[in-house]
Amino acid sequence: MANGDNLILGELRNTATSTTRLEGNVQGTVLRVDQEAPAAGEAIVAIGGPGWNAIIGFGGTSDSVHGGSGIAGQGGSGVPGDLGGVGVIGSGGGPTNDRGDGVWGVTNSPGHAGVFGFNFGMGPAVRGYSAVATPGQRPSPTGNGVGIEGKSGGGKGVYGAATATEGIGVVAEHTGTGRGLAVKGRAGFSACGSATISARRSFKVVNDPAVTLDSHITVTLTSDPGASAQVLWLQRQVGSFRLQLTRSVVNGTTFTYLIVEPFSP
């Protein structure tokens with residue numbers, strides 16, 4: 001069919017070489033597509049050109065006047081308790097067909113988030129699994145990857161690993177009196193390490209780039225120093241700290257340390 005012809009239903013291929021635009025003046029949906037086959041497939045499939053988006057949605061009255069949602073998706077029937085579907089799925093492909101990230105949320109706003117999750121019940125607003133794909137089953141945390149990752153490259157970031165001294169990797173806040181952060185299972189910290197005080201020495205200097213002049217450093221002796229030697233004080237410098245004991249140790253003495261920073265929003 002050529003440009004200007006009618007859209008033919010049931011036709012395997014309708015072609016056009018210029019934009020086709022549908023303008024509606026209705027109180028409700030302008031275009032609706034239902035899939036009613038007993039063994040139904042997708043209602044709409046869109047494929048973008050190389051490097052282009054398949055679908056773009058603008059909320060509001062036009063592509064320049066925003067306000068509503070660009071794209072809204074609802075899983076199941078919408079009845080409370082119906083877990084039969086997922087509102088939005090973004091797939092980045094698989095190990096042999098790595099097409100990219102599943103979902104991107106992007107904004108240049110100083111106060112709004114790139115990705116925001118609401119939960120009006122008791123469950124989490126945002127959940128991330130590292131999972132092994134099992135056909136026909138919902139994902140479960142069975143993988144060995146990272147459930148949620150985010151990075152800040154400077155300024156005040158809010159999700160992930162900071163790469164600049166003024167950046168904040170993760171902010172977890174409870175606006176009441178509850179916990180700001182709860183960890184179930186083991187927790188790992190890169191600013192946690194170990195060292196050894198040599199026999200007949202009373203101090204140890206530890207080099208660690210995480211140390212600042214404001215760092216709080218917790219030290220635990222993990223072997224017997226002998227001679228009743230105990231931790232006396234710590235001297236902090238940028239990039240290192242000195243652990244001083246009350247007296248020289250008899251034996252080589254191992255210890256672990258954890259470095260954390262004070263924080264005020």
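Here are some notes:
Condition check ((1) in a loop (DSSP other than H, G, I, E, B); (2) touching a residue at least 40 places away in the same chain (Cβ under 8 Å); (3) under 24 Å from Ser91 (Cα atoms); (4) under 40 Å from the mean Cα position of the chain (by Cα)) across all residues:
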| site | (1), (2), (3), (4) |
| --- | --- |
| Asp5 | yes, no, no, no |
| Ile8 | yes, no, no, no |
| Leu12 | yes, no, no, no |
| Thr20 | yes, no, no, yes |
| Gly28 | yes, no, no, yes |
| Val33 | yes, no, yes, yes |
| Ala43 | yes, no, yes, yes |
| Ala46 | yes, no, yes, yes |
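- Any chance Ser202 is over 20 Å from Pro262 (Cβ atoms) and at pLDDT 95 or above: yes
- Members of region 174-196 found to be in contact (Cβ under 8 Å) with a residue 12 or more places away in the chain and either out of contact with any Leu (no Cβ under 7 Å at 6 or more places or on another chain) or not in a strand (DSSP E or B) (or both), listed by number: Phe189, Ser190, Ala191, Gly193, Ser194, Ala195, Thr196
- So Ala54, is it modelled with pLDDT of 80 or more and under 24 Å from Val115 (Cβ atoms): yes
- Candidates Ser223, Ser228: the one that is of a type outside the set (Val, Ile, Thr) and modelled with pLDDT of 95 or more is Ser223.
- Within region 210-265, strands (runs of 3 or more DSSP E) holding 1 or more residues that are under 17 Å from Ser190 (Cβ atoms) and either among the aliphatic types (A, V, I, L, M) or out of contact with any helix residue (DSSP H, G or I) (no Cβ under 9 Å at 6 or more places or on another chain) (or both): 216-221, 240-245, 253-260
The values are calculated or read from the model by the stated rules, or taken from the named source; none is laboratory data. Being a predicted model, the structure only gives us computed values, none of them experimental. Here Cβ is always computed from backbone atoms with ideal geometry, including for glycine, and neighbour counts include all displayed protein chains.
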